[in-house]
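Beneath this line is the structure, given in structure tokens, with notes to follow.
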Amino acid sequence: MSNIYRVAIIGCGGIANGKHLPSLKKLNNVSLVAFCDIVEERADQAAAKYGAEDAKVYTNYKELLTDESIDIVHVCTPNDSHADIAIAALEAGKHVMSEKPMAKTASDAKRMVEAARRTGKKLTVGYNNRFRPDSQHLKKICASGELGEIYYAKAHAIRRRAVPTWGVFLDEEKQGGGPLIDIGTHALDLTLWMLDNYKPKVVLGTSYHKLSQRENAANAWGPWDPAKFTVEDSAFGMIVMENGATIVLESSWALNTLEVDEAKCTLSGTEGGADMKNGLRINGEQHSRLYTTEVDLKAGGVAFYDGKTESDADLEMRMWLKAIDEDTDPVVTPEQAYVVSQILEAIYESSKTGKAVYL
Ligand SMILES: NC(=O)c1ccc[n+]([C@@H]2O[C@H](COP(=O)([O-])OP(=O)(O)OC[C@H]3O[C@@H](n4cnc5c(N)ncnc54)[C@H](O)[C@@H]3O)[C@@H](O)[C@H]2O)c1
């Protein structure tokens, strides 16, 4: 029988309540024992809904970390605090899941990687799109070599008008950027994972503040406040990897386009291609004829991990606890998440200087 792990949540807002807590609650080897938020009633509410009987509530994460009985900490705060909280938790002997992006800056992400190595504790990042059925199938296809050498890929994170207006998403200081660091990060993580290539060579990027200053703009979550919209509304990047492969990354919260696609990638290899736009489709050439096939994502459940049919979030949490329990690498390693942060930062830097960034 596996251990019962005592888990703490720091930051009891949208993603904690939407993903971490409901999925952790389903695991029978988890007890949710500590809840922290600078807004106390958010921690209170989460503790009342998901907490163990003896669950404690904190407004200061440093106090929470002094509880030696806590095994695992989930960091669900805005981007600028991921690194400090995660590093303090690792130093306090806890395993850590940090929400995405790993950190606001690449240097913070690097500090996190180093802290995990130094402490010997596990660290992962909430790239939950890797756990979708289509992502798992595509990963399996890529790993089998069916697509050959993948030398061109597109990472899609395009919204037409869906600017997050709650929390601090529009605040450059707190988040480090807009759609690129918020949703471009998912698409890029997915693409690098499919390519299994974490060696970027050169990055060129552009970012725009073209629609952010509109008053009363149409938006999925209601009009935004232009005065608070300090981050970009769209950003684009071209990444050339050491092995010559090209990745084009496109991200927007607001863009005049009908080509809306989020947390998806398109791959082109020497033996075949793949896209995730309408289901998962594989294309190629056989007997001098072109073919396109659609992968049946329902048949036989999801194959990549262990065949269980469960939500992406449930699978993400179950695999994380499994990695701790079996002392293996988590699906999302800190080293991989660091490269995502490095590339995103290079796109921002290039968009400011107009120059390519060599990594
Ligand atoms: N994986 C995903 O798809 C996904 C989706 C949404 C958000 N996120 C990430 O999750 C993080 C939080 O986003 P959210 O939508 O939950 O935001 P949110 O604003 O809804 O929640 C953040 C919470 O953290 C609290 N907080 C801030 N600083 C704190 C601190 N120092 N100590 C304790 N609590 C603190 C806030 O009071 C708030 O309740 C962000 O990094 C975001 O990128 C990931």
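Of all residues being more than 9 Å from the ligand (Cβ to nearest atom) and surrounded by fewer than 17 Cβ atoms within 10 Å (Cβ to Cβ) in segment 1-15, which is modelled with the highest pLDDT? Just the residue, please.
My answer is Ile4.
Select from segment 231-247 the residues that are over 15 Å from Val357 (Cα atoms) and either modelled with pLDDT under 95 or in a strand (DSSP E or B) (or both) and list them in ascending order. Quick ask: steps written out before the conclusion?
Quick first cut of segment 231-247, residues over 15 Å from Val357 (Cα atoms) only: 231-235, 243-245.
Once the filter is applied, which keeps residues that are over 15 Å from Val357 (Cα atoms) and either modelled with pLDDT under 95 or in a strand (DSSP E or B) (or both), segment 231-247 yields Ser234, Ala235.
Just give me the residues in segment 16-43 being surrounded by fewer than 19 Cβ atoms within 10 Å (Cβ to Cβ) and within 12 Å of the ligand (Cβ to nearest atom), in sequence order.
Asn17, Gly18, Ile38, Val39, Glu40, Glu41
Going by the conditions given, is Tyr208 over 15 Å from Pro101 (Cα atoms) and free of Cβ contacts under 8 Å to residues at least 40 places away in the same chain? If you could, list the steps in order and put the result at the bottom.
Numbers: over 15 Å from Pro101 (Cα atoms): yes; free of Cβ contacts under 8 Å to residues at least 40 places away in the same chain: yes.
Taking the combined requirement at face value, the residue satisfies it.
Under 6 Å between Cβ atoms, at least 6 apart or on separate chains: pull out the pairs that start in segment 83-101 with a residue that is within 11 Å of the ligand (Cβ to nearest atom) and end on any residue that is among the aromatic types (Phe, Trp, Tyr).
Matching pairs, first to second residue: Ile85/Tyr61; Met97/Trp320; Lys100/Tyr127.
Which pairs have Cβ atoms under 9 Å, sit 6 or more apart or on different chains, and link a residue in segment 30-54 that is under 16 Å from Glu68 (Cα atoms) and among the charged types (D, E, K, R) to one that is more than 16 Å from the ligand (Cβ to nearest atom) and in a loop (DSSP other than H, G, I, E, B)?
Within 9 Å, no pair qualifies.
Provide a single number: the residues in segment 133-179 that are over 24 Å from Thr309 (Cβ atoms) and either outside any strand (DSSP E or B) or among the hydroxyl-bearing types (Ser, Thr, Tyr) (or both). Steps first, answer last, please.
Step one: of segment 133-179, the residues over 24 Å from Thr309 (Cβ atoms) are 145, 147-179.
Narrowing the set further to residues that are either outside any strand (DSSP E or B) or among the hydroxyl-bearing types (Ser, Thr, Tyr) (or both) leaves 145, 147-149, 151-152, 159-160, 162-179.
Total satisfying the criteria: 26.
Scan segment 283-300 residue by residue and report those that are closer than 13 Å to Ser135 by Cα and part of a strand (DSSP E or B).
Within segment 283-300, Val295 is the sole residue that qualifies.
The values are calculated or read from the model by the stated rules, or taken from the named source; none is laboratory data. All values derive from a computational prediction rather than experimental measurement. All Cβ positions, glycine included, derive from the backbone under ideal geometry; neighbour counts span all protein chains shown.
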